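Student: First, the structure itself, so that you have it in front of you.
The values are calculated or read from the model by the stated rules, or taken from the named source; none is laboratory data. In this text, all values refer to a predicted model and were calculated from it rather than measured experimentally. A quick note on method: Cβ atoms are made from the backbone with ideal geometry, for glycine too, and the neighbour counts reach across all protein chains shown. Ligands, DNA and RNA are stripped out before the accessible areas are found, and what is left, the full protein with its side chains, is counted by its heavy atoms. Shrake-Rupley method; radii C 1.70, N 1.55, O 1.52, S 1.80 Å.
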Amino acid sequence: MSIADNISKLKKETEGRGVKLIAVSKTKPADVLMEAYNAGQRVFGENNVQEMVEKQEQLPKDIEWHLIGHLQSNKVKYIAPFISLIHSVDSLKLLQEIDKQAAKNKRIIDCLLQIYIADEETKFGLGFDEAIELLRSEDFLALKNIRIVGLMGIATNTDNEKQLKDEFYELHTFFNGIKTSFFRKEDSFKELSIGMSSDYKIAMEQGSTMVRVGSLIFGQRLIPHWKNN
Ligand SMILES: *Cc1c(COP(=O)(O)O)cnc(C)c1O
């Protein structure tokens, strides 16, 4: 199957149910992204700032760029002019830097809080308590150029469907609690970024609003995902 075939199949499954399809194009060269673009894909996810900036410069300007990997504060400035959504916010310090760079660019940057749900040591993210503490803090309330539009999670790298379902369910339940406690009046808080190639179907059943799909569109990457996260 071609990239175009993969995208059209996935779009039916996702966008047909109101779920946004993010094409995760990390490690793929710009001409491969262009193939996806020509098949109608406009939303791309990258996990490396430098790689994203290089591709953004080369590719059409109506692409929506999503940062899905760990972000270092000192790199925020490079993506602040164009980024559509940062999925991987995992500290107040990072959020403060995003706010500062957003202000410099006279814009508001949409962000998701990345919540730790996996049964693994290697994944980044905030614990439930840490996320609540962040949202309650005075320092957070002072930020005017960022907008938290939802939560993101990466499930355990496992074939155990019951475990995946439980991890997504737990995050969705937490999402509902956060919505009620902190964003009741904000319609913009509505995104739940869960699901990748191996588990997007389970994630959609558990309320995902955006799935981050790489290998099912572009084929296997040469580097295992845990090395380029
Ligand atoms: C690489 C990556 C994906 C996509 O992984 P696939 O298994 O190729 O679909 C999704 N989310 C994050 C955070 C990633 O780093």
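Student: Can you spot a residue in segment 8-31 that is open to solvent by 20 Å² or more (accessible area, probe 1.4 Å), hydrophobic (A, V, I, L, M, F, W, C) and out of contact with any helix residue (DSSP H, G or I) (no Cβ under 6 Å at 6 or more places or on another chain)?
Tutor: no
Student: Can you tell me how many residues in segment 95-119 are under 22 Å from ASN176 (Cα atoms) and open to solvent by 40 Å² or more (accessible area, probe 1.4 Å)?
Tutor: Within segment 95-119, residues that are under 22 Å from ASN176 (Cα atoms) and open to solvent by 40 Å² or more (accessible area, probe 1.4 Å) number 2.
Student: Here is a further query. Of everything in segment 156-200 that's touching a residue at least 40 places away in the same chain (Cβ under 8 Å) and of a type in the set (D, E, K, R), which residue is nearest to LYS20 (Cα to Cα)?
Tutor: If we take residues in segment 156-200 being touching a residue at least 40 places away in the same chain (Cβ under 8 Å) and of a type in the set (D, E, K, R), then GLU191 is nearest to LYS20 (Cα to Cα).
Student: Which of the residues that make up segment 136-156 are over 16 Å from the mean Cα position of the chain (by Cα) and either among the charged types (D, E, K, R) or buried (at least 17 other Cβ atoms within 10 Å of the Cβ) (or both)?
Tutor: Listed by number, the residues that qualify are ARG136, GLU138, ASP139, PHE140, LEU143, LYS144, ASN145.
Student: Can you work out which of the residues in segment 55-94 that are more than 17 Å from the chain's Cα centre (by Cα) and outside any helix (DSSP H, G or I) is surrounded by the most Cβ atoms within 10 Å (Cβ to Cβ)?
Tutor: LEU59
Student: Right, next: Within segment 37-49, is there a residue that is at positive phi and free of Cβ contacts under 8 Å to residues at least 60 places away in the same chain?
Tutor: Checked against the condition, which is being at positive phi and free of Cβ contacts under 8 Å to residues at least 60 places away in the same chain, segment 37-49 yields at least one hit.
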